[in-house]
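The values are calculated or read from the model by the stated rules, or taken from the named source; none is laboratory data. Every value quoted in this text rests on a predicted model; they were computed, and no experiment measured them. Virtual Cβ from ideal backbone geometry, glycine too; neighbours counted across all protein chains shown. Surface accessibility is based on the protein's heavy atoms, side chains included, excluding ligands, DNA and RNA. Shrake-Rupley method; radii C 1.70, N 1.55, O 1.52, S 1.80 Å.
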Amino acid sequence: MVSKVAEAAAPALTRPRRRRVPPELGIFLVLIGIALLCEILGWIFVGQSFLMNLQRLKIMILQVSVIGIISVGVTQVIITGGIDLSSGSVVGLTAMVAASFAQSSTWARAVYPALTDMPFFVPIGIGLLIGLVAGYINGQLITRTKIPPFIATLGMMVSARGLSKLYTKGQPISGLTDQFNFIGSGIWPVVVFLIIAVVFHIVLRYTRYGKFTYAIGANVQAARVSGINVEGHLVKVYAIAGLLAGLAGIITAARVQTAQAGMGVTYELDAIAAAVIGGTSLTGGVGRIAGTVIGTIILGVMISGFTFLNVDAYYQEIAKGVIIIAAVAIDVYRQKKRAKR
């Protein structure tokens, strides 16, 4: 009897395992499909090529690089089962504060006349510190007071936006030094985005930090029982998200060579959209930086494609909302399918 069971099981044991298709492949195919659709519609309605215009593609990549930097941090937050609605406002606040320490002495209306012509690393360091502190506060609010991440980061979103307006009474900050502006010039924003993406792809996949992040998102109680300091780790994740939002704010100010309190509006929604489109599950425990990068590019192709096809900005927002809902619906379907298995 035992031998018969063994014989029956032998084929199953020796059968080669099916190679798992990377989830990013499906997202990449969606990207290719959207790009080709824009190309076809371009020839039909505009009489031009969408993909063959290198200048347009360059502008598109530069535009999404800032969102991409934010989305790397937001992805980690979502993997833990949380959410961060404050990143756009943190971009505005860090842009204002960093720019105020990056003004040239030739500018007549400097915020701090005695602190002009500072070395470029001073405003960068201050901006990063502002972002780090904002993220740290988010983490502490969530872990110590047990406020839901949605409410805690919503409060930070409103507070940071108010602080950015209060900082100079709503006045923009201009006259920034060439050293500081260099950070946002040329291809540098894209280079920074790619470096950040590669670093956190490695960190999430191969380090204890990454294992803890996924474990908390998959089952917070199991993570706690296994000895993970859940509260301490969550503070780290939110602090990193704030730090990356601060970096995005610095690059944004350097790119446009000025800072305004309204910078970064809706950036948090674009970053969440990029993460979700890239396969990050809003229920936590699932997500990859590679998918988020592709999701960010999909957003960029969509926005650039709509502009290329002369689609009204209002319709662009509607389409973006529909795509976010569709991405979440697909994620819910995946979760149900996984639960059945």
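Quick one: what pairs do we get from segment 118-137, first residue farther than 15 Å from Asp178 by Cβ, second open to solvent by less than 40 Å² (accessible area, probe 1.4 Å) and hydroxyl-bearing (Ser, Thr, Tyr), C-beta under 6 Å, 6+ apart or different chains? Cβ pairs passing all conditions: Gly127/Thr94; Ile130/Thr94; Gly131/Thr94; Gly135/Tyr238. Residues in segment 92-136 that are touching a Ser or Thr at 6+ places or on another chain (Cβ under 6 Å) and either among the aliphatic types (A, V, I, L, M) or assigned to a helix (DSSP H, G or I) (or both): Gly92, Leu93, Ala95, Met96, Ala102, Ala110, Val111, Gly127, Ile130, Gly131. Taking each residue of segment 72-100 that is on the phi > 0 side of the Ramachandran plot and looking for partners that are assigned to a helix (DSSP H, G or I) with beta-carbon atoms closer than 8 Å, six or more apart or interchain, yields Gly81/Ile216; Gly81/Gly217; Gly81/Val220.
Is there a residue in segment 251-261 that is small (Gly, Ala, Ser), modelled with pLDDT under 95 and under 24 Å from Val133 (Cβ atoms)? The answer is yes, given that some residue of segment 251-261 is small (Gly, Ala, Ser), modelled with pLDDT under 95 and under 24 Å from Val133 (Cβ atoms). Of all the numbered requirements in (1) without any contact (Cβ under 8 Å) to a residue 24 or more places away in the chain; (2) loosely packed, with under 15 Cβ neighbours inside 10 Å, Ile147 misses one, and that requirement is (2). The residue list Ile240, Ile272 contains one member that is modelled with pLDDT of 95 or more and either within 30 Å of Trp188 (Cβ to Cβ) or out of contact with any Leu (no Cβ under 6 Å at 6 or more places or on another chain) (or both), which is Ile240.
Look at (1) under 17 Å from Asp84 (Cβ atoms); (2) at pLDDT below 95 and you find that Val235 fails only one, number (2). Selection over segment 23-36 of residues that are surrounded by 13 or more Cβ atoms within 10 Å (Cβ to Cβ) and either over 25 Å from the mean Cα position of the chain (by Cα) or not aliphatic (A, V, I, L, M) (or both) gives a count of 4.
Residue count for segment 273-284 under the criterion of being open to solvent by less than 20 Å² (accessible area, probe 1.4 Å) and either in contact (Cβ under 8 Å) with a residue 60 or more places away in the chain or farther than 15 Å from Val66 by Cβ (or both): the result is 8. Restricted to segment 191-218, and to residues there that are touching a Leu at 6+ places or on another chain (Cβ under 9 Å) and in contact (Cβ under 8 Å) with a residue 24 or more places away in the chain, the residue that is surrounded by the most Cβ atoms within 10 Å (Cβ to Cβ) is Thr213.
Scanning segment 41-71 for residues that are in a helix (DSSP H, G or I), farther than 23 Å from Ala290 by Cα and either open to solvent by less than 10 Å² (accessible area, probe 1.4 Å) or in contact (Cβ under 8 Å) with a residue 24 or more places away in the chain (or both) yields Leu41, Gly42, Phe45, Val46, Arg56.
Of all residues in segment 274-319, those satisfying the criterion of being closer than 30 Å to Arg205 by Cβ and outside any helix (DSSP H, G or I) are Gly278, Gly279, Thr280, Ser281, Leu282, Thr283, Gly284, Gly285, Val286, Gly287, Arg288.
If we scan segment 167-175, do we find a residue that is open to solvent by 30 Å² or more (accessible area, probe 1.4 Å), farther than 20 Å from Ala239 by Cβ, assigned to a helix (DSSP H, G or I) and touching a residue at least 24 places away in the same chain (Cβ under 8 Å)? Within segment 167-175 (the criterion being open to solvent by 30 Å² or more (accessible area, probe 1.4 Å), farther than 20 Å from Ala239 by Cβ, assigned to a helix (DSSP H, G or I) and touching a residue at least 24 places away in the same chain (Cβ under 8 Å)), the answer is yes, since at least one residue qualifies.
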